[in-house]
Amino acid sequence: MMFAPPDFFRRLPPCCRLPSLLLILLATFAVHNVAAGPPPLSDGHEAPPAVIERIDELRREIARHDDLYFRLAEPEITDAEYDALKAELRRLEAAWPDIVTDAPPVAEIGDDRTGFFPTHRHAAPMLSLDKVTTGAELAAFDRRVRRALGRDAVDYWVEPKFDGIAVSLTFEEGRFTRAATRGNGEEGDDITANVRALEVVPHKLRRGTADGRPVPVPDFIEIRGELFVSFKEFDHLNAARAAEGERPFANPRNLAAGTMKLRDPADVAVRRVELVCFGWGGFVPEAARPSDLQGFHEWLAAWGLPVVEAPEAVQGVEAAKAAIRRIGESREALPFPIDGAVVKVAAVEDADALGWSTSAPRWAIAWKFAPPRAATLLRGVTFQVGRTGAVTPVAELEPVAFEGATVSRASLHNADEIARLDLRIGDTVYVEKAGDIIPVIAGVDLTARPDGSEPFAFPEACPSCGYPLSRAPGHAVHYCENRQCPDRLARRIEHFASSGALSIRGIGPRTAEALVREAGVASVADLYRLDAEALVGVPGIGERTAADLLAAIDASRAARWDRVVYGLGLPGIGARRAQSLAAVAGDIDALLTVDAPLLTGAVDEGGAGFSAALARQLLDELERPETRRLLLTLKDAGVGAVAQPPRDGPLAGEVVVVTGRLAGWTRAEVLALLVNAGAEVRTRVTRETTLLVAGERPGSNLDRARSLGVPVIDGAELRRLLVAE
């Protein structure tokens, strides 16, 4: 393009034109570089404070999202949003390489180690994949590969990219010996017991054939694959959680990752997590490796392992693009989640020649599908107050058909996200789905913004109780610190009653809110003081519902101790840490006297393995007078007296319902005995019930058990099962 000087330049005297032209060119160059990002620094230059602040902010935010995604399996943003944050950080760090901030540099590979499992060091690094989203980026990958190999065209292996949790399976002399997560690439969590519980891995590799020839079984091999949950199983488990009034899983990937982080393999076994295998790490003897990925695919099938269906062997980048298109077109018909395709150099010798970077192989690339999006109108923003006091904004949208469902609400995460989007009421916004499930606001159509719109102002007071909101320096979330906030109380009661905690059937979100606002329930301990008179008349509760709810509350007194610990909602104590805490503090009295050395001690030395910061946070909570009163009140109510049941108890694996009065036993005694014998006790007969204990004057549960063919025993038979040697 020719440079056209403006009119004022032509009017300048000739002696002034050259200096003015230089100034214009310098200004143009400066504007261009501001728009494109700062140039690399020469020695001795200092980055502007705004750049340092942005790098620090990005490092903290990415580290937070890494923790949410890899350790907690609870992502808040889409993959595309996350990739954009990392791309911005890489650009700034490349331009200003010497910057030091309070936030440490972001790890190249997300770390999924939880701290609750033994760790296992991989024989060969288990790294991630570099990602592309455009044909030009894939073509650049192909050019790098061809240049390095000195070829005009390269053979590729293209397969779907499953959206689950990466796993490494070790076989020694053909026998399955270990399963581990990716971790930090060098070592991961040892999840062998959980994988064995799933029964997706054979105990021993078969000695099968491929192309009519025997397939060798290596002396040692790490088989790499992905654990995932099908859409059918995802819907099934969420339907069950909804029936229990519990919060549904966000997406299949979170469900798979969260399942493999459970501490009790028995809890893992009830979920149908599936496996697909596609690669290897360590391989001994190395000379026995297959020559290409198509051959290895056949070996996996011959060994009896699940493999990727319909992968494609292609030549050249254009054929690879066509294979990716076919995978994308089949995506909606697949029964399992995928989020892209993987393109690998097919020949093992070529892959060896290309090698690895510090974070990914140079012989493979992941093509990430762009998430679908829909445009709609932002009608307003509402707020949800969680049990910890965290205030989460939610976008209220003009309903729009999207991905087979009607979307009318979307997550906004926090005030920083609203500010980043510069979100305003009346905006036309783009909706995407994080992990293909959770609707989120991905952007704003600024060209459609109405005149006179005002930036959104985050509230300064709690929308539930009016208490001033707080926000710690460096943190993104606003909190209501009022422990008696009605919404906080309702969410704590809902959590306490959830199936992962005390499993009080009938207490979902609406019932929890009604109990707080209409029945005067001010703590979880108040549940055990309720009677029919207090419940009947509460919105949604009649005489029959009240009786069922009281029976469920009564049955919860026999809940296992680690579930009680989880239900308390202590700071930093999720389901996995609750098991560790319950193991070192075996009842309420022990919990009230637990100390820092016990909490921070190593697990193999009898400690809980908590960090010093978590231990201090927990002890501060346990020292609060209201917390101590709550625990003592629960103790008086008979809650927390049942220890972890033996896995080999006489009723292990049984789902038991008790109906009627059993002579010689109080109901609490019966429930405690059942749980200690390994049974899962419920209040209502369903198709999952495996045994009904019927006493005097049984209710409708007896009729339903007979209609479903559920075995029925009386108190005498139960006594023989529990106490006979």
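The values are calculated or read from the model by the stated rules, or taken from the named source; none is laboratory data. This is a predicted model, so every value here is computed, not measured. Positions of Cβ are generated from backbone atoms using ideal geometry, with glycine treated the same way; all protein chains shown enter the neighbour counts.
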message = Consider segment 302-326. How many of its residues are more than 29 Å from the chain's Cα centre (by Cα) and assigned to a loop (DSSP other than H, G, I, E, B)?
response = 3
request  = Looking only at segment 152-167, decide whether some residue is acidic (Asp, Glu) and free of Cβ contacts under 8 Å to residues at least 40 places away in the same chain.
outcome  = yes
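Residues checked against (1) in the same structural domain as GLY380 (by TED's automatic domain parsing); (2) closer than 30 Å to ASP267 by Cα; (3) buried (at least 18 other Cβ atoms within 10 Å of the Cβ):
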| site | (1), (2), (3) |
| --- | --- |
| ASP451 | yes, no, no |
| PRO459 | yes, no, no |
| ALA472 | no, no, no |
| GLY500 | no, yes, yes |
| ILE504 | no, yes, yes |
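Any idea which residue in segment 157-212 is modelled with the lowest pLDDT, counting only those that are among the charged types (D, E, K, R) and within 30 Å of ARG326 (Cβ to Cβ)?
ASP211
When you scan segment 632-640, do you find a residue that is at pLDDT below 80 and either closer than 20 Å to TYR528 by Cα or over 31 Å from the mean Cα position of the chain (by Cα) (or both), even just one?
There is no residue in segment 632-640 that is at pLDDT below 80 and either closer than 20 Å to TYR528 by Cα or over 31 Å from the mean Cα position of the chain (by Cα) (or both).
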request  = Within segment 422-459, count every residue that is within 30 Å of PHE231 (Cβ to Cβ) and not basic (Lys, Arg).
outcome  = 14
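Determine whether GLU88 is at pLDDT 75 or above and under 26 Å from PRO372 (Cα atoms).
yes
Is it true that TYR479 is of a type in the set (Phe, Trp, Tyr) and surrounded by fewer than 19 Cβ atoms within 10 Å (Cβ to Cβ)?
Values: of a type in the set (Phe, Trp, Tyr): yes; surrounded by fewer than 19 Cβ atoms within 10 Å (Cβ to Cβ): no.
Considered against the rule, which asks whether it is of a type in the set (Phe, Trp, Tyr) and surrounded by fewer than 19 Cβ atoms within 10 Å (Cβ to Cβ), TYR479 comes out as no.
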message = For segment 124-139, give me the residue count where each residue is within 19 Å of GLY183 (Cβ to Cβ) and either without any contact (Cβ under 8 Å) to a residue 60 or more places away in the chain or hydrophobic (A, V, I, L, M, F, W, C) (or both).
response = 4
request  = Just need a number here: residues in segment 574-622 that are farther than 17 Å from LYS635 by Cβ and outside any helix (DSSP H, G or I).
outcome  = 10
inquiry  = Taking the conditions exactly as written (farther than 30 Å from GLY316 by Cα, in contact with a Lys or Arg (Cβ under 8 Å, 6 or more places away or on another chain) and not assigned by TED's automatic domain parsing to the domain that holds PRO335), does ASP111 satisfy them or not?
reply    = yes
remark   = Here the residues within segment 477-523 that are more than 24 Å from GLY542 (Cβ to Cβ) and among the aliphatic types (A, V, I, L, M) are VAL477, ALA501
task = Report, by residue number, each residue of segment 304-341 that is under 30 Å from GLY174 (Cβ atoms), surrounded by fewer than 15 Cβ atoms within 10 Å (Cβ to Cβ) and acidic (Asp, Glu).
result = GLU309
query = With (1) surrounded by 21 or more Cβ atoms within 10 Å (Cβ to Cβ); (2) under 20 Å from LEU673 (Cα atoms); (3) of a type outside the set (D, E, K, R) as the list, and ALA551 as the residue in question, which single condition is left unmet?
reply = (1)
task = Would you mention how many residues in segment 124-175 are assigned to a loop (DSSP other than H, G, I, E, B), hydrophobic (A, V, I, L, M, F, W, C) and surrounded by 16 or more Cβ atoms within 10 Å (Cβ to Cβ)?
result = 4
